[in-house]
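One structure is given below, encoded as structure tokens.
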Amino acid sequence: MGNTSIRVRRTGQILDVRDATASTEARKRLLAPHHGSATVECLCTNPPIPMTVAHRTIPSETWYLVAADREQAKRHAPDCLARQDGAGTPAAPESAGPAAMIDETGVTLARGFLREWRESTPERETPPPRASRDPDTAPRGVGLVGLLWMLWSQAGLNLWKPGYAGKRDWDIVRLRLRDAAARIRSAKADHWTLADDLFVPPQFNSREAKSKATSEAFHGALNAALASRRVVFLLGEIKSATRLPDGAMALRLHNALPSIEITVPPGLAGDLERAASAWNGLVAAERTDRRILLSRVRRTVDGATISCVGAGVMRVDANAIPFDSSYERRVAALLTEQGRAFAKPFTQGNAPSWWARKMDALGVAPDYVLTDLFPGVFCEVLGRMSDREYRSHAEAKLATYRRAGVPLWAWNPSEDADPPPLPEKQR
């Protein structure tokens with residue numbers, strides 16, 4: 001029998017291809033959480049082969065494995081089960097190459113985005129744009145969460161040094177995001193960059209005339225784009241999330257006057273709540289949580305509402321550093337308080353760096369990387385070691401670090417209430 005194992009790059013979890021592809025329910029349970037480009041890797045050869053968990057809805061919804069790169073796909077063993085999973089399936093765009101290429105100049109997306117919508121009429125049965133996971137509206141395999149990670153990384157907002165203290169207010173974050181958006185391009189559109197369609201509300205201060213003028217200019221540009229039936233990207237910090245009687249959700253953004261309210265339809269609202277379930281969802285999230293939303297929006301037919309057609313959310317701390325759990329937030333606070341320089345890696349979309357290359361070589365993503373040491377130290381927050389499956393994945397990940405001789409700092413909150421001392425930084 002051929003190879004039966006794939007590894008999740010973020011966690012190091014090993015999945016048996018036979019289990020993961022046994023049924024539609026198994027695919028949804030085991031593959032769907034890792035939907036995206038190069039999120040898993042096939043272990044039929046060494047080094048492992050990056051694989052994409054692709055998604056389709058026609059003729060029926062399912063998730064399946066395809067190679068993240070056409071050249072890499074040639075390295076599969078002839079009887080590899082992961083290689084055979086996509087057999088008979090229409091080729092996904094990512095099978096012809098990575099969903100995004102990242103280099104020193106920025107990001108090149110493999111596909112473009114639908115920029116306009118038209119309502120259906122008897123003469124023209126053109127549907128409005130669908131959610132971001134559909135192939136007509138986003139590069140398959142990137143998605144809006146992945147795009148948000150790319151933006152944050154290109155802007156350097158997942159990096160921290162002591163000198164950044166007091167220099168991460170929303171105006172700075174907005175400026176850096178807009179600059180980063182100009183470095184995200186599409187291979188399908190020669191002159192398009194994400195900056196052409198990205199709207200980030202400015203910080204508003206009623207006592208400053210310049211702030212008022214900036215806010216008016218922002219709203220004028222956003223309203224003009226939406227009035228011309230454009231589908232645009234709207235990025236901001238969520239101020240409140242309210243569940244509506246029909247199951248939809250109303251999201252209100254910070255830093256905008258007049259305030260911006262986005263209506264999220266019921267199906268997508270449920271997806272967002274499930275994605276945020278680890279932190280009590282969007283509606284019940286703590287008031288102290290900073291939740292960053294990247295959404296695709298358009299005006300409704302009557303022009304009265306900004307409607308969401310796709311969204312991705314992540315949490316950040318007061319310094320705009322992303323985190324995935326309350327334990328990670330504690331570690332980020334500790335690193336900041338002790339004046340350390342560090343990075344918060346993403347599963348995908350990291351800007352080029354020595355630690356991003358190391359991650360790719362190892363096939364795992366640490367929670368943080370201490371960058372004020374040489375060699376740098378990878379940091380792991382082992383927040384759920386009481387869960388048997390999580391513990392197995394974590395131990396496999398730690399074993400990967402040991403085999404590679406990677407300097408490691410780890411905290412297991414189930415054994416120690418407080419994080420252990422950090423390695424001393426070099427003088």
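The values are calculated or read from the model by the stated rules, or taken from the named source; none is laboratory data. Everything numeric here is computed off the predicted structure, so don't read it as measured data. Backbone-built Cβ (ideal geometry, glycine too); neighbour counts: all protein chains shown.
At a glance:
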item	result
Top-ranked residue in the range 341-354 [being surrounded by fewer than 22 Cβ atoms within 10 Å (Cβ to Cβ) and in contact (Cβ under 8 Å) with a residue 12 or more places away in the chain; ranked as farthest from ALA181 (Cα to Cα)]	ALA341
All positions within the range 181-226 that are part of a loop (DSSP other than H, G, I, E, B), modelled with pLDDT under 90 and not hydrophobic (A, V, I, L, M, F, W, C)	LYS188, GLN203, ASN205, SER206, ARG207, GLU208
Considering residues of the range 72-103 that are within 30 Å of ARG183 (Cα to Cα) and in a loop (DSSP other than H, G, I, E, B) only, the residue modelled with the highest pLDDT	ALA99
Residue list for the range 166-180, restricted to those being exposed (fewer than 14 other Cβ atoms within 10 Å of the Cβ) and at pLDDT 95 or above	LEU175, ASP179
Failed condition for VAL406, given (1) assigned by TED's automatic domain parsing to the domain that holds ALA356; (2) part of a loop (DSSP other than H, G, I, E, B); (3) under 14 Å from LEU335 (Cβ atoms)	(3)
Set GLY363, GLY339: member being farther than 26 Å from ARG274 by Cα, under 18 Å from the mean Cα position of the chain (by Cα) and not hydrophobic (A, V, I, L, M, F, W, C)	GLY363
Subset tally (residues that are within 22 Å of the chain's Cα centre (by Cα), at pLDDT 75 or above and not in a loop (DSSP other than H, G, I, E, B)) for the range 258-311	27
ASP387 vs. criteria at pLDDT 95 or above and of a type in the set (Asp, Glu)	no
Top-ranked residue of the range 310-329 - restricted to ones that are aliphatic (A, V, I, L, M) and closer than 23 Å to ILE262 by Cα, ranked as surrounded by the most Cβ atoms within 10 Å (Cβ to Cβ)	ALA311
